[in-house]
Amino acid sequence: MDGLINQEGYSAADIQAADYVKKLANKMPGGFFIYRATGKEEILYANKSMLKIFNCQTMEEFREITGNSFRGLVHPDDIEEVEQSIRAQIADNDDDMDYVEYRIIQKGGEVRWLEDYGHFTQHDYNGNIFYVFVVDITERKKRQLQEKEEQLQEQLRRLGMIAGLSIDYESIFYADLDLDRIQAYRISHRFRHKFQDINTVCPFIGFDEEYAKKWVHPSDRGSLLQATNADYIRQKLSKNNSFHINYRIIQNEKEEYLQLRIVNIGNRDHVSQIVMGYRSVDDEIKYELEQKKMLKDALEQAKSSNIAKNTFLSNMSHDIRTPMNAIIGFATLAKKHIDEKEKVREYLNMIETSSDQLLRLINDVLEISSIEADKMQIEESECSLLDIIQEIQSAITPRASEKDIDLSLNISGLKHYTVYSDRQKLFQILLRLTRNAVKYTEFKGKVSITVKETESTDREHATYQFIVQDNGIGISESFMEHIFEPFERQQNTTLSGIYGTGLGLTITKNIVDMMGGTIEVTSASGQGSTFIITLSLRIQNRQFQPFQPKSQAQAHALQQRRILLVEDNEINLEIEVELLQDAGFLVDTATDGSIAIEKIANAKPGYYNLVLMDIQMPVMDGYHATSAIRRLENPLLANIPIVALSANTLDEDRRKSMECGMNAHLPKPVNMPQLMELVEKILTTF
Ligand code: ADP
């Protein structure tokens with residue numbers, strides 16, 4: 001006002017009024033100042049409060065600190081923006097009023113915030129003037145800034161929470177159905193073609209058509225596009241706050257499960273604002289499908305094993321009852337006819353057969369339950385495959401003979417006879433297969449057991465195949481799938497008249513598995529069956545090797561020699577024939593002593609060069625046969641060299657052999673080098 005009242009042309013009354021206004025202005029609680037609106041924006045007046053705001057005592061101090069200009073009063077960083085805003089506001093409104101906020105620098109350097117209410121006035125005599133009221137709003141501003149900072153922090157926390165909660169989602173969109181707009185919050189590579197970044201806004205309708213075409217499995221495309229149809233979404237979300245759909249995409253030619261979840265974030269009465277999240281649910285769904293399959297399988301297995309168990313139990317009650325009835329019945333009969341020896345013998349035989357059946361049934365059931373309880377163990381020891389085969393042959397021959405079945409053995413493919421294995425179990429599984437072969441083969445059929453070595457895996461082991469083949473009733477294709485399952489039989493005892501439990505092959509397969517081997521079956525109804533067990537067994541390296549003649553001449557000399565081998569046991573016969581033939585001999589055989597005598601007696605002298613004589617034989621044993629040969633009339637025949645081959649190796653046995661006229665006594669199983677040495681010695685002496 002000083003600036004104004006110093007102007008010329010004012011009356012004393014004007015000056016007095018101005019003085020009064022000045023006093024008034026100095027009493028005002030807020031800052032007030034006047035400055036020219038042009039040029040240097042020179043400050044014409046500032047009241048006391050204004051000086052206080054600037055921490056100034058006098059007008060001189062205030063002038064110095066502001067440069068006595070509005071431009072100098074405002075913080076240099078704010079002045080451009082402030083002036084621009086004032087100009088714009090004055091130009092825009094009719095009252096020529098403006099409002100701005102800016103910072104100032106007080107005397108002493110402290111920065112304060114002011115709010116500024118300006119009024120622009122045009123004076124004819126003084127030019128354009130701004131009248132300005134200011135209030136120090138530093139405290140308010142600080143509060144506001146702090147609030148803003150807090151809001152920002154809160155917003156960041158919320159965004160963090162959303163990001164955390166939605167971590168599983170590969171794509172997240174916000175959409176407004178009314179406005180037909182969709183914007184991404186997170187975008188997977190599968191949506192990149194449509195949304196370059198999170199600022200991209202697209203029309204909602206059809207936003208995922210390309211996505212569906214490019215990625216979604218053809219069978220799931222329709223349902224996904226239906227789920228993102230605006231009307232469908234409105235209808236679904238009017239009932240529930242969210243819904244989802246699972247679908248498959250195809251990536252690198254593999255199927256992967258994804259889930260789209262749509263959530264209403266607006267009004268339920270009028271659905272418009274929604275959030276859509278896409279996430280992979282592949283692991284969950286695949287796990288769920290797997291679980292379902294497992295449950296289904298388990299249920300089916302439970303059902304079928306239940307059926308099998310029920311069948312087994314009804315068979316069992318029949319199978320136990322039948323032999324039990326026979327035992328009780330024949331025991332009663334035996335008592336009744338106790339004085340008729342023949343009848344009693346017959347009844348006792350029947351009781352014996354029935355007890356055997358019963359025992360076998362009990363053993364099978366016990367064995368299968370010990371397998372199921374994991375109690376069975378494989379115990380290896382040194383064992384002879386020949387012994388095992390021989391034992392099987394003796395066990396099976398009676399039944400095979402009853403049915404007039406031709407039982408043959410083939411061991412020509414065997415190189416190592418002694419192996420390390422669980423003798424008892426190996427015997428048992430081969431016996432079961434052979435017994436089945438005989439059991440399921442009709443009268444006059446054929447059963448063969450073949451044992452061969454297919455390959456040596458290393459110096460210590462060899463792979464063996466045990467093949468049991470028959471030309472019996474065979475196995476149908478449909479039953480083949482169940483052949484190793486417990487209690488399963490192609491036909492029950494009542495239908496087939498063949499006694500069985502359906503446990504034998506289950507036990508066999510379990511044992512083979514425990515031995516680390518495999519079992520295979522090939523069969524067809526009416527055409528017989530072939531069971532092949534393949535096992536890798538540790539071999540005993542002290543095997544007796546087939547005899548190798550020392551020289552060509554020796555080999556040639558031996559080839560001329562004919563041996564009569566007298567042996568009743570088929571398997572021993574087969575092995576010995578093979579070994580002797582391998583060594584170059586001509587071999588003829590006789591299966592008991594009397595046949596041997598007949599053959600020698602009828603032969604031309606010199607036809608046979610040597611007799612190898614078993615001791616224990618049916619019809620006539622080796623001792624009697626040797627004595628009889630020695631008594632033949634023709635001395636050329638009677639003096640033929642005879643060597644005893646016997647499992648009885650006591651001195652007593654040896655003495656007996658010599659007494660009845662044998663030339664030597666060798667133990668069985670045949671030790672080929674020892675035999676050859678002896679044969680060579682005898683043949684060169686005789
Ligand atoms: P079982 O003979 O006591 O019934 P297994 O477990 O030994 O039980 O055999 C199961 C079923 O497999 C038999 O009931 C039979 O139907 C069939 N089977 C086994 N071996 C033969 C075979 N050599 N020829 C035909 N069928 C066979």
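Before moving on, here are some points about what is shown:
- Extension gain for H189 to E290 (0.36 nm times residue separation, less C-alpha to C-alpha distance): 33.5 nm.
- Between S219 and L586, the distance separating the two model label sites (each 7 Å from Cα on the Cα→Cβ line) works out to 7.7 nm.
- Taking a straight Cα-Cα cut-off under 15 Å and skipping sequence neighbours fewer than 8 places away in the same chain, the aspartates and glutamates within cross-link reach of K303 are E485, E488.
- Percent accessible area from carbon and sulfur atoms, the stretch 74-140, protein chains only, probe 1.4 Å: 49
- The accessible surface of the stretch 406-468, taken with every protein chain in place and a 1.4 Å probe, is 48 percent carbon and sulfur.
- Å² of accessible area per residue within the stretch 72-170, as computed with a 1.4 Å probe and no ligands counted: 66
- Relative contact order of the chain, defined on C-alpha pairs under 8 angstrom at six or more residues apart (%): 6
- Each Lys and Arg adds +1 at its Cβ and each Asp and Glu adds -1 at its Cβ; summed about the Cα centre, the chain shows a dipole of about 1940 debye.
- Greater than 28 Å apart at Cα, pairs in K343/K403; K452/K604; K415/K599; K425/K452; K599/K681; K309/K375: K452/K604; K415/K599
- FRET efficiency, N602 to T454 (Cβ-Cβ, R0 45 Å, nearest 0.05): 0.55
- Virtual spin-label span in nm between A638 and L495, 7 Å along Cα→Cβ: 6.9
- Modelled spin-label separation between R87 and H119, with each label point placed 7 Å from Cα along the Cα-to-Cβ direction: 2.5 nm.
- Whole-angstrom gap from the stretch 176-195 to the stretch 112-166, using each part's C-alpha centre: 35
- Each of G108, H75, A91 was placed along the dipole of the stretch 68-141 (beta-carbon charges, centred on the mean Cα), and the one lying farthest toward the positive end is G108.
- FRET efficiency estimate (nearest 0.05) - Cβ-Cβ, K341 to I362, R0 35 angstrom: 0.70
- The Cα center of the stretch 407-424 and the Cα center of the stretch 26-55 differ in position by 122 Å.
- With a Förster radius of 45 Å applied to the C-beta separation of Q527 and E677, the computed FRET efficiency comes to 0.35.
- Mean Kyte hydropathy of -0.5 or more with a Cα span along the axis of at least 27 Å, helices from DSSP in the chain: 341-372
- Surface exposure of the stretch 390-538, expressed per residue as accessible area with a 1.4 Å probe, stands at 45 Å².
- Taking a ≥ b ≥ c as the square roots of the eigenvalues of the Cα gyration tensor, the chain is classed as prolate, since a/c reaches at least 1.5 and a/b is larger than b/c.
The values are calculated or read from the model by the stated rules, or taken from the named source; none is laboratory data. These figures come from a predicted structure and were not determined experimentally. Positions of Cβ are backbone-derived with ideal geometry, glycine not excepted, and every protein chain shown enters the neighbour counts. Ligands, DNA and RNA are stripped out before the accessible areas are found, and what is left, the full protein with its side chains, is counted by its heavy atoms. Shrake-Rupley method; radii C 1.70, N 1.55, O 1.52, S 1.80 Å.
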